[in-house]
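Below is one structure, written out as structure tokens; comments come after it.
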């Protein structure tokens, strides 16, 4: 059975021995939780009907993207916990009832903090007309769960939903849903474009040469949603998650106009405090000497207008 690989075909540190080493180090440390991302009130009223083009952060990697009168959810995690044991430290920004009519749901890969089964099933029930767009190899899971309106996209391929074009692009990561299915389905980011606007969501990714390739192949990016959290310990995470300095390097490679931070302050998945990533991002931004506008770090529930 096929196993998928990365563009930068580096060895991942995710062996049982590596996990045990990480957990032993964690047990010997005093972990600081820190302060979660702030949450703003958003009743969703401005996002319904015929909304302006916008990005609304729902926490972690979950976004509502609205372009060309088309509403797209990315990696929705809408409830209080994932996989029964991982508790949110900050709310989801919008509830199911507050969401607008959803036209498409994009899943970047099958890890539970990005492909949350209860959220997927709730959206499929609430919006049975929505198209679910998934990486290569992942559609059978959706079909087994009764979601026939699903489309698999290999890297660099695209589909159209409503007024937008959705293109799957490479990311540097891995996949596993169970004990024996490691890398049996692919992982990706997405570029969404319509009405002359183009936005990019990385999915989970390490820093890799693919950012330059994405810039060369898709054209000017108005806003790049870039992960800045879940990066410690570095020896374990560097092959799968960026730290803030990596994210700034990725932004430079992408030549995007706006840096929009995500993937921090919601779940305590790794060893850095919840509120460390924005501070580290500010330091990295300064050290790179970037003169354009500062990175945007929205609150959960906040809408950024495009």
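The numbers here are math on the coordinates, done by the rules we state, and not lab data. Computed from a predicted structure; not experimentally measured. We place every Cβ from the backbone using ideal geometry, glycine too, and count neighbours over all the protein chains shown.
Overview of values
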read-out	value
In range of the label at residue 96: residues from the range 119-143 whose backbone nitrogen is under 13 Å from the point 7 Å along Cα→Cβ	119-128
Choice from 220, 168, 250 with maximal GNM fluctuation in the chain (Cα, 10 Å cutoff)	220
Label-reachable residues, the range 34-56, where backbone N falls under 12 Å from a point 7 Å from residue 304's Cα toward its Cβ	54-56
Shape of the range 150-220, Cα gyration tensor, a/c cut at 1.5	oblate
Computed FRET value (nearest 0.05) for residue 129 with residue 23, which takes r as the C-beta separation and R₀ as 41 Å	0.40
Given (i) 26, 23, 21; (ii) 32, 22, 21; (iii) 35, 23, 17, the label whose value is semi-axes √(5λ) of the Cα gyration tensor in Å derived from this model	(i)
Anisotropy class of the range 31-154 from Cα gyration tensor, a/c 1.5 cut	oblate
Residue 249-residue 180 FRET efficiency (beta carbon distance; Förster radius 35 Å; 0.05 resolution)	0.50
Proxy reagent accessibility, fewest Cβ within 10 Å first, across 291, 131	291, 131
MRE, 222 nm, helices only [DSSP H, n ≥ 4, -39500 (n - 2.57), over the chain, to nearest 500]	-6000 deg cm²/dmol
At R0 = 22 Å, FRET efficiency that the Cβ-Cβ distance of residue 296 and residue 195 yields, to 0.05	0.60
GNM flexibility winner over the chain from 147, 102, 290 (Cα, springs under 10 Å)	290
GNM flexibility winner over the chain from 75, 195, 204 (Cα, springs under 10 Å)	195
Gain upon complete extension [residue 217, residue 83; 0.36 nm per residue less C-alpha separation]	44.6 nm
